[in-house]
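These notes concern the structure reproduced below.
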Amino acid sequence: MEAYNFETAIKPFFWVASDKTFSVCLNAGTYKPEIFEWRKDEGFEGNGYDWASLAKVFLEEKRPDLAEDIRFDPEADMFCAYSENPDKLKEFITGFKETCENELQIQDLFLKAEID
């Protein structure tokens, strides 16, 4: 049986550790572009800001217990979530990635996302 590998499990998101904060990032446009496709007429493009909007809804709806520990710093070409608590950030990204892989759950959350 293969051992669980966190960094493999969260791909295409990737983990970045520094002295005091930890980040999880995604190159925008490389993962699940079809999620954003069906709301493109509203201005969604699948950029870093759109991913942050989706992630905020995920936190509000699915993991409000993590909300005060997770912050976002998106850019047009990159989604980035960060925290000083690596365990909370790992919980967030593991749950968020699972939700992204479930088409019905991610569509439900995306309906509530607001363009940034």
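The values are calculated or read from the model by the stated rules, or taken from the named source; none is laboratory data. Quick caveat, the model's predicted, so the values are computed rather than measured. Every residue, glycine as well, gets a Cβ built from its backbone with ideal geometry; the counts of neighbours run over all protein chains shown.
Across the range 32-55, the qualifying residues are those that are within 12 Å of Leu109 (Cβ to Cβ) and of a type in the set (A, V, I, L, M, F, W, C), and the one among them that is surrounded by the most Cβ atoms within 10 Å (Cβ to Cβ) is Trp51. Restricting attention to the range 24-52, the residues that are in contact (Cβ under 8 Å) with a residue 60 or more places away in the chain and small (Gly, Ala, Ser) add up to 2.
Is there a residue in the range 63-84 that is under 16 Å from Phe6 (Cβ atoms) and either modelled with pLDDT of 95 or more or not small (Gly, Ala, Ser) (or both)?
First, pick out the residues of the range 63-84 that are under 16 Å from Phe6 (Cβ atoms): 81, 83.
Those left that are additionally either modelled with pLDDT of 95 or more or not small (Gly, Ala, Ser) (or both): 81, 83.
Scanning the range 63-84, I find at least one residue that is under 16 Å from Phe6 (Cβ atoms) and either modelled with pLDDT of 95 or more or not small (Gly, Ala, Ser) (or both), so the answer is yes.
Could you list all residues from the range 95-106 that are more than 15 Å from Tyr31 (Cβ to Cβ) and touching a residue at least 24 places away in the same chain (Cβ under 8 Å)? Walk me through it before giving the result.
Residues of the range 95-106 more than 15 Å from Tyr31 (Cβ to Cβ): 95, 104-105.
Listed by number, the list holds a single entry, Gly95.
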